[in-house]
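Undergrad: Encoded as structure tokens, here's the structure I'll be asking about.
Here, each number is a calculation from the coordinates, and none is a lab measurement. Keep in mind that this is a model prediction, so the values were computed, not measured. Cβ placement follows ideal geometry from the backbone for every residue including glycine, while neighbour counts extend to all protein chains displayed.
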Amino acid sequence: MGLVLGSILLASGVVVFVLYPILKGQWAAQDRQDDELTEAEARKRVTLLALRDVEMDYETGKLDEEDYRELKRQLSREALAALEAVEAERGEAGAVAPDPELEAQIAAVREGLREGRTCERCGHLNERGSRFCASCGAQLPVTAAAGGDEAGA
Amino acid sequence: MTILGELALWIALPVSLFGAVLAYAGGRSGRGDLVLSAERAVYAVFGLLVLASAGIIAAFVGDHFEYWYVWNYSNRDLDTFFKVSGLWAGQRGSLVFWALLLGFFSTVAVFTNRRKNREFMPYVTGVLLTVMTFFLVVLLFAKVNPFERLPFAQADGRGLNPQLQNYWMTIHPPTLYLGFTAFTVPFAFAISALLTGRLDSRWIVLTRRWTLLSWFFLTNGIIFGMRWAYEELGWGGYWFWDPVENASLLPWLTATAFLHSVMIQESRGMLKIWNMGLVTLTWILTIFATFLTRSGLIESVHSFAENTTISFIFLGFLAVATTISASLILWRREALRSENEIQSFLSRESAFLLNNLIFLGITFAVLWGTLFPLIGEGLTGKKVAVGPEFFNRVNLPIGMVLLGLVGVGPVIAWRRATARNLRRNFLLPLLVGAAVVGVFAALGSRQWMALVTFGLSAFTLTVIVVEFWKGTRARARIEGEGALKAFLHLVGRNRRRWGGYIVHVGVVMIFTAFAAAAFKLEVIQTLEPGESVTVESPFGHTYTLTYEGVSTHLRTRNMAWQAQAVMRVQKDGEPAGTISTEKRMYLTFPAPVTEVGIRSTALEDLYVILANAEDLGAALGNDPEGQRATFEVQINPLVGWIWYGGLIITLGALIAIWPSKGSLPEMRARTRPAPGTQEAVA
């Protein structure tokens, strides 16, 4: 008798627990939540991180100067496009930045891109701290942020 | 308690099945209440499985020998520790345990995603509950119910196989199962990505830590199994390419390939179909491994015939799961097209691709060698043995290429590397590698396979060390930090990369240990008490073992008798303690088992096996004339490095898994390129 009663209690407890949302009309969200990365933001992060990787590969001697410049030019363009896409998105949604540290870095890069040095030879706008012009390869005046001068140590 | 457990198992099946249906329906119709209900079903099934497992443990601890399962895997004399672990000691309980762990990981996955990644969750819940339903069907309908009762209660159980009464054997299966079941989560996300059409790399980023966690458990599970074999099986080896071992290795191989290839997708938007294929294949292999080890198929095709139900359920499920996954990938093949192409053969992408091909090559070689005898037996009725020779001949050269790639991978740049860079980066490591081979050759060693492996290990290790050094230096220079701070920041800011390199160090150690097995020494000698045997180890130490005699115990707690042979050890003439090795006759096991004596140092193990007591009756009667015994004395060089390497892998894996806000891998959500940037990438 106790066994039958126990079974019924256990089974009905489980059934009520599982069906509760349907009975009460509780809904789970099924779309992207506000604090999650949008595609444009994800893309922005990836390009910025790829830029960081390229810097690292160059610093540790895995990339030749010529390839470094080429990759950096590509990635800088991608990064700028991504930044603008995020800007546009944010203008619509007014979302809050999820990660202050990364945002600071992004701000620095953007500032670099905006306030970067114009190449004296071809007029290309380079990210701040660039050693060489990303477009024509001419050497740029050394800036403080660039640090040492051991190219490809 | 046990009745309640049995009841819980029966309630779990309809709840799980119903939950799966709700989840798919909710996903298709967009009805959030159905989805929420399905997620509650996940929690409920997990709770019910906790009850079921507690019921089994209660039956073991309470000596309820009216249950077939308890009767077969326990007896009154068994330690409580082994009674609790009886939950996974045999096929029936371990299937419940499998479901329990799957329920646990499903619960964690659903709970941690209750407010995020919602677009994936309906189908993730659906897939998790589908797999769960499958295991519950097996448990309840494949004649493997652990709650099956005998016609009458037995007075005592038949006891646990003494070889399973070992610490490592107790933690080995749970660790492997944790790895197997955790991998269901990435698989569920992959299927959800296919079903919802969200085929950017988000599912990979979301499941990255799950994949690492699963890999971490699989790796440790395999190493624990090796440790058990080494200590308990008493032949001085740790890997015999037997089907049970192979079964656990197969998903590890593909999971390792997957861990590497996802990085190409994240950073370059390539290999999307490949990754979908790998995650599916790995998951299928985890189920296949469970099937191989837990269906009785391995012992013989004939035992397979004894319970065909479980085999057919498993094979049917595998066939259906493979077909559905493959169809989904095929259906989405357009959306899974690669965003980029490999720009140069000399690039990290192509090194990773080669790594993947090698892992798959080994997977198929091992799969073939494992299945061939079974298929052969099925067709001809005769057991065809595929011994370790086959596996070693095929896999050693491939493994050596892999070891070399571990060294090449980190140094070669993404997208493109140039010959000049490679020369500059590889010069020092190659010199170190060559020097190591040269030194060994000069010392007169002609074990070329082992020498080349040592050389490759040295090469790879040098690459990693230089990589750490250069990275630290570059960071110190750019950020103006001190060396230690720069080093810690370097690792902290890209945990996956540097954690991965630390894992590689452990892998190099383990490969070195494998190669060192070529220098193993073995002496078999029959001794009277007082006589000695002398062995000179490859590291130049001389061990002298003097046989002291046998001491015996009759009728101990769970043994009929126990004969312990003691030897006094001298290392290079200095006393170095004693070592003992035993024969034991358990009351519940038909044949005597051997306990080996092991004396470990960082470089070599002294491993002594009591091969034979010439006159066992006299020895057991403590007759001084009957103490003659035959010993097998082995020197196993560098075996300890496998266990140390395992610890280093654990450390590296934990660094890579550990959550950290804003760490690099978190951010690598590669998505489709925004319009207008396509030409910049191409």
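Undergrad: About the Cα centre of chain B, how large is the charge dipole given +1 on each Lys and Arg Cβ and -1 on each Asp and Glu Cβ? Please answer in debye to the nearest 20.
TA: 3720 debye
Undergrad: For the range B:1-160, what D do you get in µm² per second when you plug the Kirkwood radius from alpha-carbon pairs into Stokes-Einstein at 4 °C and 1.567 mPa s?
TA: 80 µm²/s
Undergrad: Per residue, how much space in cubic angstrom lies within the convex hull of the C-alpha atoms of chain B?
TA: It comes to 182 Å³ per residue, whole-number rounded.
Undergrad: What's the longest uninterrupted piece of chain B once you rule out the trypsin sites (Lys or Arg not before Pro) that are loop residues per DSSP with at most 14 other Cβ within 10 Å?
TA: Counting only loop sites that pass the neighbour cut-off, the longest clear stretch is B:144-332.
Undergrad: Let me check the size of the range B:520-640 from its C-alpha atoms; what are the radius of gyration and Dmax in Å?
TA: In Å, with Rg to one decimal and Dmax whole: 14.7, 44.
Undergrad: Right, another one. What GluC sites (Glu not before Pro) does the range B:304-365 have in DSSP loop regions with at most 14 other beta carbons within 10 Å?
TA: B:E334, B:E341
Undergrad: Next up: Of B:A20, B:I362, B:S580, which is farthest on the positive side of the dipole of chain B, counting Cα position, with +1 on Lys and Arg Cβ, -1 on Asp and Glu Cβ, and the Cα centre as origin?
TA: My answer, from the dipole projection, is B:A20.
Undergrad: Mind giving me the FRET efficiency for B:L396 and B:L140? R0 is 51 Å, r the Cβ-Cβ distance, nearest 0.05 is fine.
TA: 0.70
Undergrad: For the range B:1-48 and the range B:548-571, compute the distance between their C-alpha centroids and round to whole Å.
TA: 55 Å
Undergrad: Stretch B:T80-B:R446 to full length: gain in nm at 0.36 nm per residue minus the Cα-Cα span?
TA: The B:T80-B:R446 span can extend by a further 126.6 nm.
Undergrad: Give the order of B:S248, B:S532 when sorted by the count of other beta carbons within 10 angstrom, beginning with the fewest.
TA: B:S532, B:S248
Undergrad: Here's something else I'd like to know. Return one quarter of the surface area of the convex hull spanned by the alpha-carbon atoms of the range B:1-94, equal to its mean projected area, in nm².
TA: In nm², the orientation-averaged hull projection of the range B:1-94 is 6.3.
Undergrad: Compute the distance in nm between two label points, each set 7 Å from the Cα along the Cα-to-Cβ direction, one at B:D156 and one at B:S327.
TA: About 5.6 nm separates the two model spin labels.
Undergrad: With point charges of +1 on the Cβ of Lys and Arg and -1 on the Cβ of Asp and Glu, referenced to the Cα centre of the range B:460-532, which listed residue (B:I510, B:G482, B:T460) lies farthest in the positive direction of the dipole?
TA: Positive-end residue among those listed: B:G482.
Undergrad: Let me ask something additional. How much length would be gained if the chain were fully extended between B:R423 and B:T578, taking 0.36 nm per residue of separation minus their Cα-Cα distance, in nm to one decimal?
TA: Roughly 50.5 nm would be gained on extension.
Undergrad: What order do you get for B:F589, B:F152, B:F111, B:F288 when you list them from fewest to most C-beta neighbours inside 10 Å?
TA: Starting with the residue having the fewest Cβ neighbours, the order is B:F152, B:F111, B:F589, B:F288.
Undergrad: Taking +1 at the Cβ of each Lys and Arg and -1 at the Cβ of each Asp and Glu, which of A:L10, B:G640, A:A40 sits farthest along the dipole of the protein assembly as shown towards its positive end, judged by Cα position relative to the Cα centre?
TA: Of the candidates, A:A40 comes out farthest on the positive side.
Undergrad: Turning to a different aspect of this structure: How many Cβ atoms of partner chains, on average, are near each residue of B:42-51 if near means within 10 Å of its Cβ?
TA: 2
Undergrad: Could you please rank B:S192, B:S551, placing first whichever residue has the fewest other Cβ atoms within 10 Å of its Cβ?
TA: B:S551, B:S192
Undergrad: Express the C-alpha Rg of the protein assembly as shown as a ratio against the empirical globular expectation 2.2 N^0.38 Å, rounded to two decimals.
TA: It is 1.07.
Undergrad: Evaluate peptide A:60-73: per residue, the Cβ atoms of other protein chains within 10 Å of its Cβ; return the mean as an integer.
TA: 5
Undergrad: In peptide B:27-34, how many Cβ atoms from other protein chains are near each Cβ within 10 Å, on average?
TA: 4
Undergrad: Enumerate the lysines that A:K44 could reach by cross-link, defined here as Cα to Cα under 26 Å, with residues fewer than 8 away along the same chain left out.
TA: Partners within reach: A:K62, A:K72, B:K116, B:K272, B:K661.
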